[in-house]
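Here is the structure we will look at, set down as structure tokens.
The values are calculated or read from the model by the stated rules, or taken from the named source; none is laboratory data. What you are looking at is a predicted structure, and each value in this text was computed from that prediction instead of being measured. Reconstructed Cβ throughout: ideal geometry from the backbone, glycine too, with neighbour counts over all protein chains shown. The accessibility values were calculated without ligands, DNA or RNA, using every heavy atom of the protein model including side chains. Shrake-Rupley method; radii C 1.70, N 1.55, O 1.52, S 1.80 Å.
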Amino acid sequence: MSKFSAHNVFKLLSIGLVFHVVFIASVFDCYFTSPVVHGMKEYNVGTALSKRVVLIVGDGLRADLLFGLNAFPSVDSSPEVVAPYLRSIAETRGAFGISHTRVPTESRPGHVAIIGGMYEDVSAVTKGWKTNPVDFDSIFNRSSYTFSFGSPDILPMFARGATPGKVKTWSYDEEAEDFTKDAIALDIWVLDQLRDLFHNASVTPSLNSEMREGQVVFFLHLLGLDTTGHSYRPHSKEYMRNIQVVDTIVRDTEKLFSDFFKDEETAFIFTADHGMSKIGNHGDGDPDNTRTPLIAWGRGIRGPIPDSTPSSHDDYSQPWHLNHLLRRDVEQADLTPLMASLLGINWPVNSVGVLPDVDPSLPGYLLPRDGDETIARAAFVNAQVILDQYRIKHEHKAEKTLFYKPFHPLEDLKNEISRQMSSVIKIERLLSQEKWREARQESVDLIRATLQGLRYLETYDRLLIRAIVIASYLGWAAYASLSIFPDHTAGNSGFTASGAVIDCTAAVILITFWAVFAIQQSPWTFYLYITFPCYFWQQFARRCVSLWRNHHRSQGSVSVLSMASLVRTLLVVANLQGMVMAYTHRSIWSFGFLIIGIVWPCYSWPSEMFSQNWKALGSWASTCMITAIFPLLSVDKEESLMTILIGGGIMLLAGIGYTFRLEDKKLQRSVWIQLLFILSSMVVTASSVINLQNKRGLPLLNQVSAWIILAAASVFPFISQSRHTNPTSKLVSLFLGFSVCFVVLSISVEGLFYVAYSWTLLLWIDVEAMLRGASPKSSPHTAEIYQFQVDDLRIALFFLFFVQVAFFGTGNVASISSFYLEPVYRLVPIFNPFLMASLLVFKIVVPYIILAAAFSMLNARLHLPPFSLFLVALTLTDGKSFELHWLLYDVVGLGSWLEIGQSISFFIITSLLLVWSAGICVAGEYLMADTLATIAYTNRIKEQ
């Protein structure tokens, strides 16, 4: 038997919380490290192909919707060609293709890749994409002047670190990013500012002189498409119209440059920072988010050329009807060397992009005036820029790392340097002999080897971290199991020789690792990582020694694993594996409801339960089957006011039905007040949806009313003076209080899911109490001694199942970026990422509040100590985290960016849900404390 105390439980939960939060960071230390280093040399082709480059970025523009014919079949009277001007450029005088982005497909990392040639430092996630965590080089910094126009979220970060006055920015106010208004105005504003610039230059000699210098960049950031896509989704009439406006802006921009400069020395590049999924979101590796258009034309850029054999087109580009022309795809970071070559400037030293023209076997984008020489020399510069980054990283790693193992393809240190130098010398010799094609091929080979070397160095510590992760997660499972198995160390906690040996061994291992980390100047997180497994296994070893000693003294023996135990272990592993698979196959959650609703009762329940409780069991099976519907629904949903109101109506009926069962008049009044909140939210939401769908904007009265109703309804269950003498009434009060959230912030069926999920949890409590033979009237937590039962293992698995379903089961959450934004606009029409994210998180949290109260109520009904069932779950939770962390190894090394993004999302989600599970139990005990105390007092009075 295991004795529970508040101190021991708090200690275990605190350690578990810190452990899981810390080890989320291990993914980034293991697989993603900062790409930025300093101290490299600067390299320059020396030959400018154009005097200026105009970079136009259509934020959130998908390639297929720009290039495709009849790309908007659902829009009445849509034109065959949405962007005729850009398409005519691709067909008659420019080069085109797809720019492939990487995750996260967000505006900041996309622009960093385009303008800096590097993939965003992971630590920028914690800065909200706005503050540079480290300084990096960029095209803007290398230009003579840069004139940039657009969003205040993008422009300022490229001015940091540049020479004062070199990067000039014009951005609108953040309040202009209103999702309820026509975002086309943002793009028109950019064009108007460009016109004003040219007008001012015509009357200001100093500005005129700056603009007419060589190596000048003009940057037009067109945010309208991103805002429109979020508001109306990319297949809408509004998104189509925004593309048409962008097409017109490109035409007018080219004419402005032609009229002002009156020369042919301007190069134009049109692309996007990321795409847009069909539900109007981005951020993950969805192919619709990672495929963006690229069109380049003007001075120094080739015109269209016939398609290659085999064809450069695939099923994705067949509907474009551009098959007769070559489609030349690039990686997003490749645009930086392309612009550097056009301008003839020093290449950004942090760039890892590869000039599309480097490989002699593939057509590129450039059309140099002196033929192949410029491209060959640019390829050599490209190789030197990347090689210098490798050299710096290699020297740093070799200097700090004990037993350093160099990158194998480049052999050992001496041969590596000589091989690098021989490659450089060989390319220089080929260039001096004017063997341009051979020089390009040597540069390609060197670039490929060096990029692999960079990847090797960036993930050099992967094996060590993975070993620590394995030891830590297994150690945590072992350590957590100590809380539920018998404790034979009681009374024997003093000094023992075996305990001292264990403590000394753990201390020596820990100090040794810390010393190695100090010598290698490892990140501070490494010290934390190794501390956890040392502590976990030290504690577990001491307990095992005590168990062995007690068995030895009693001349007993450790029992051999029984067949039943083996079967249970296999079932637990199968359940955890099923939860992992359900992250990508959501129908498995529905299969889970089938098992717990029908299969489990039929094969495990005593036969007498069916005859004695057939109504309750029928309700349990029915509600499980209803809840099972939601994971089967498509995650791609349109806003449906009727479905939202039906969900609200069912919430009202549930509350009304429960009211007539109450005898306490005060409780009845509280329920009627909550029902009034729900009805009011339905009226306000209906009005807001109708106004937004008709593009009349969000009335201020609706916005204020929605905020007041949501806040008041959410707080009411906690401030109500009603005294709950029954845990069910407290649970219903919480359910009704947060129902408003699932009216105001729903897009479709979320409210229906919320009702079904809450109903399932309520019946789960009754079913488990029936199986244990517990009294229908809940008792407070009186037990201090917990005796583990085999059935507790199943209840713990059910709890973990409900934790996962609360996140994945709503029908609109498929991954970490699959959230609908339309409902948020009913409360926050102006772009405010923090407030919008907070509302989305609040909506996700609400089902967990119901789960928290239900789980606490279940502990009480089964007469168990607080947290006892959760402590059983703790021994199982990290099976999923461990597997997902392990799978990341192969995915990052071999998988697509879609798989990488999903894998990272799934690991973070499951780790956070485990942390959240602990919070659920703590919150549940807090939420139900007053009710359970009231019941305890009432029971004592009755007993007296």
Enumeration of residues in the stretch 31-73 that are over 16 Å from Leu335 (Cβ atoms) and among the polar types (S, T, N, Q) | Thr33, Ser34, Asn44, Thr47, Asn70
Sort through Pro319, Pro304, Pro234 and tell me the only one that's of a type outside the set (D, E, K, R) and either modelled with pLDDT of 95 or more or more than 17 Å from Phe72 (Cβ to Cβ) (or both).
-> Pro304
Could you please give the count of residues in the stretch 290-329 that are touching a helix residue (DSSP H, G or I) at 6+ places or on another chain (Cβ under 9 Å) and open to solvent by less than 50 Å² (accessible area, probe 1.4 Å)?
-> 19
For the stretch 643-667, enumerate the residues that are open to solvent by 60 Å² or more (accessible area, probe 1.4 Å) and over 25 Å from Ile598 (Cβ atoms).
-> Ile646, Leu653, Phe660, Arg661, Glu663, Asp664, Lys665, Lys666
Just to be sure, is Thr760 polar (S, T, N, Q), in contact with a Cys (Cβ under 7 Å, 6 or more places away or on another chain) and either modelled with pLDDT of 80 or more or not in a helix (DSSP H, G or I) (or both)?
-> yes
When the stretch 371-406 is checked residue by residue, the ones that are among the aliphatic types (A, V, I, L, M) and free of Cβ contacts under 8 Å to residues at least 40 places away in the same chain are Ala398
Within the stretch 21-41, can one find any residue that is out of contact with any strand residue (DSSP E or B) (no Cβ under 6 Å at 6 or more places or on another chain), buried (at least 17 other Cβ atoms within 10 Å of the Cβ) and modelled with pLDDT of 85 or more?
-> yes
Subset of the stretch 49-90, residues open to solvent by 20 Å² or more (accessible area, probe 1.4 Å), in a loop (DSSP other than H, G, I, E, B) and touching an Asp or Glu at 6+ places or on another chain (Cβ under 9 Å), comes to Lys51, Asn70
So, first residue assigned to a helix (DSSP H, G or I) in the stretch 498-511, second residue of a type in the set (D, E, K, R), Cβ within less than 7 Å, six or more apart or across chains; the pairs are Gly499/Arg542; Ile502/Arg542
Are there any pairs, at least 6 apart or on different chains, whose C-beta atoms fall under 8 Å, with the first in the stretch 830-857 and over 16 Å from Leu763 (Cβ atoms) and the second of a type in the set (Ser, Thr, Tyr), and if so, which?
-> Phe831/Thr227; Val846/Tyr754
Conditions (1) closer than 30 Å to Leu446 by Cα; (2) in a helix (DSSP H, G or I); number of the one not met by Gly303 | (2)
Do you know which residues across the stretch 247-274 are in a loop (DSSP other than H, G, I, E, B) and under 38 Å from the mean Cα position of the chain (by Cα)?
-> Ala272, Asp273, His274
So, first residue of a type in the set (Phe, Trp, Tyr) in the stretch 202-230, second residue assigned to a helix (DSSP H, G or I) and open to solvent by 40 Å² or more (accessible area, probe 1.4 Å), Cβ within less than 7 Å, six or more apart or across chains; the pairs are none
Do we find that Thr336 is touching an Asp or Glu at 6+ places or on another chain (Cβ under 9 Å), of a type outside the set (A, V, I, L, M) and open to solvent by less than 20 Å² (accessible area, probe 1.4 Å) in this structure?
-> no
Scope the stretch 450-482; condition open to solvent by 30 Å² or more (accessible area, probe 1.4 Å) and not in a helix (DSSP H, G or I); matching residues | Tyr460, Asp461
Has the stretch 398-419 got at least one residue that is out of contact with any Gly (no Cβ under 6 Å at 6 or more places or on another chain), among the aromatic types (Phe, Trp, Tyr), at pLDDT below 85 and not in a helix (DSSP H, G or I)?
-> yes
Residue that is most open to solvent (accessible area, probe 1.4 Å) [pool: residues in the stretch 615-642 that are of a type in the set (Gly, Ala, Ser), modelled with pLDDT of 85 or more and in a helix (DSSP H, G or I)] = Ser622
Determine if the stretch 606-613 includes at least one residue that is of a type outside the set (Lys, Arg), within 29 Å of the chain's Cα centre (by Cα) and surrounded by fewer than 17 Cβ atoms within 10 Å (Cβ to Cβ).
-> no
Just one of Ala806, Ala796 is farther than 30 Å from Ile747 by Cβ, at pLDDT 80 or above and buried (at least 21 other Cβ atoms within 10 Å of the Cβ); which is it?
-> Ala796
With the checklist (1) within 33 Å of the chain's Cα centre (by Cα); (2) under 15 Å from Ala929 (Cα atoms) in hand, flag the one item Arg723 doesn't pass.
-> (1)
Do any helices (runs of 4 or more DSSP H) lying entirely in the stretch 643-748 carry at least 3 residues that are closer than 22 Å to Ile849 by Cβ and without any contact (Cβ under 8 Å) to a residue 24 or more places away in the chain, and which ones are they?
-> 700-719
Answer yes or no: is there a residue in the stretch 713-736 that is under 15 Å from Leu839 (Cβ atoms), modelled with pLDDT of 85 or more, out of contact with any Pro (no Cβ under 7 Å at 6 or more places or on another chain) and buried (at least 22 other Cβ atoms within 10 Å of the Cβ).
-> yes
Only residues that are within 12 Å of Leu366 (Cα to Cα) and of a type outside the set (Val, Ile, Thr): list them for the stretch 274-314, please.
-> Ala296, Trp297, Gly298, Arg299, Gly300, Arg302, Gly303, Pro304
